[in-house]
Amino acid sequence: MEKKIDLRNMTKEELAVFAEELGEKAFRGRQIFKWVQSGADSFDEMTNLPGKLRERLKECACIGRPQVLKRQDSKDGTVKFLFGFEDGNAIESVFMKYKYGNSICVSSQAGCRMGCTFCASGKLGLARNLTAGEIISQILLAEKETGEKVNHIVVMGTGEPFDNYDELSRFLSMVNDKDGLGIGMRNITVSTSGLIPVIGRFAEDFPQVNLAISLHAPTDEVRSSMMPVNNKYPIGELIAECRKYTEKTNRRITFEYAVVKDVNDRDEDVRRLADLLKGMLCHVNLIPLNEIKESSGSLKAGSRERAIEIADMLEKRGVAATVRRSLGRDIDAACGQLRLKAD
Ligand code: SAH
Ligand code: SF4
């Protein structure tokens with residue numbers, strides 16, 4: 001049997017062409033897009049489509065929908081999901097409640113090939129890229145499961161989004177579509193380990209989307225020991241590219257910094273970090289390392305108090321910094337941890 005086409009992975013424009021291929025008017029594509037992006041699971045729900053078209057769709061199309069393999073609810077309202085796809089791959093998403101609205105952290109790949117030593121997501125390498133539809137499914141399913149609307153998206157789950165740029169960009173266009181979820185570009189943040197060649201493209205394609213860079217260390221020596229990607233794209237070049245990004249977009253970059261005891265949290269590290277970032281339109285987001293037992297070496301978390309001290313030291317040197325609130329601690333809501341446990 002021919003493989004059915006997954007409508008959840010199609011843009012409004014692609015669906016218009018598809019409708020015409022089925023002998024229908026193009027506007028039917030827009031109607032289908034609206035249904036699929038509002039979380040419809042069956043063609044019978046699509047009551048404004050002619051019965052004949054619904055029957056035709058049942059034959060040749062499907063609406064991809066992962067399964068909820070696991071759901072964990074935290075006392076603070078955070079909900080962590082493990083979603084499973086048909087091919088057996090599983091990924092996780094975390095739904096969070098903030099004062100300013102609901103946010104979701106989505107995965108962009110099943111696994112990750114970047115191999116950061118402190119990160120659970122990369123421990124099993126990369127299984128495969130997710131499609132735009134699979135990234136969107138995480139939002140649609142989380143909304144359905146929680147009964148809440150998502151207002152903000154962070155692409156900070158499993159995977160390196162800039163290693164799956166084509167699907168990431170289709171995803172961004174689709175969630176932003178007024179006929180779909182309609183989430184504003186400024187309400188979306190993409191986090192990367194620093195794939196330099198993609199940063200310029202991203203600035204060009206999505207200047208309104210927030211960019212976060214996982215920095216984690218102020219020197220090549222320490223950063224390379226934590227993040228192998230630094231061997232290919234060293235700090236000096238990365239920071240130069242970031243400065244270009246801020247000049248071009250006039251948008252503030254967030255630098256993620258996981259505080260690791262005696263590795264990147266000494267006074268001299270903080271001084272170096274301040275020198276590196278001085279004068280840039282940016283902000284440092286500190287978080288005590290989330291220790292994972294699979295971590296190679298013996299990286300230990302810096303304390304929250306030390307993270308606050310570092311933020312103060314940076315501020316005094318003219319670099320904006322905050323300590324991230326960590327939600328969902330009681331359910332291990334950090335990247336990759338649930339997926340590893342399930343394996
Ligand atoms: N691959 C992208 C996005 C996913 S990781 C990236 O690396 O930016 C999302 C964030 O979680 C990154 O800032 C990453 O460095 C951080 N992270 C991963 N494991 C962590 C851990 N054990 N403790 C604290 N932060 C962690
Ligand atoms: Fe991949 Fe990001 Fe984890 Fe590094 S921190 S292994 S880039 S998901």
Scan ILE239, ILE188, ILE235 and give me the residue that is more than 12 Å from ligand 1 (Cβ to nearest atom) and under 24 Å from LYS12 (Cα atoms). ILE188
LYS97: within 12 Å of ligand 1 (Cβ to nearest atom), surrounded by fewer than 22 Cβ atoms within 10 Å (Cβ to Cβ) and modelled with pLDDT under 95, yes or no? no
Would you be able to tell me the number of residues in segment 169-193 that are over 13 Å from ILE136 (Cβ atoms), in contact (Cβ under 8 Å) with a residue 24 or more places away in the chain and open to solvent by 40 Å² or more (accessible area, probe 1.4 Å)? 2
Any residue in segment 16-32 that's modelled with pLDDT of 95 or more: show its pairings with residues that are surrounded by fewer than 13 Cβ atoms within 10 Å (Cβ to Cβ) and of a type in the set (D, E, K, R) at Cβ separation under 7 Å, as long as the two are six or more apart or on different chains. ALA19/LYS25
Positions within segment 67-118 being among the acidic types (Asp, Glu) and under 16 Å from LEU130 (Cβ atoms), in sequence order: GLU86, ASP87, GLU92
Residue check, THR131 against (1) closer than 22 Å to SER169 by Cβ; (2) within 16 Å of ligand 1 (Cβ to nearest atom), all met but one. Which one? (2)
Only one of (1) surrounded by fewer than 20 Cβ atoms within 10 Å (Cβ to Cβ); (2) assigned to a helix (DSSP H, G or I) does not apply to GLN72, and that is (2)
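The values are calculated or read from the model by the stated rules, or taken from the named source; none is laboratory data. All figures in this text were calculated on a predicted structure; none of them were measured in a lab. For neighbour counting, all protein chains shown are included, and Cβ atoms are generated from backbone atoms with ideal geometry for every residue, glycine included. To get the accessible areas, we keep the full protein, side chains included, count just its heavy atoms, and leave off ligands, DNA and RNA. Shrake-Rupley method; radii C 1.70, N 1.55, O 1.52, S 1.80 Å.
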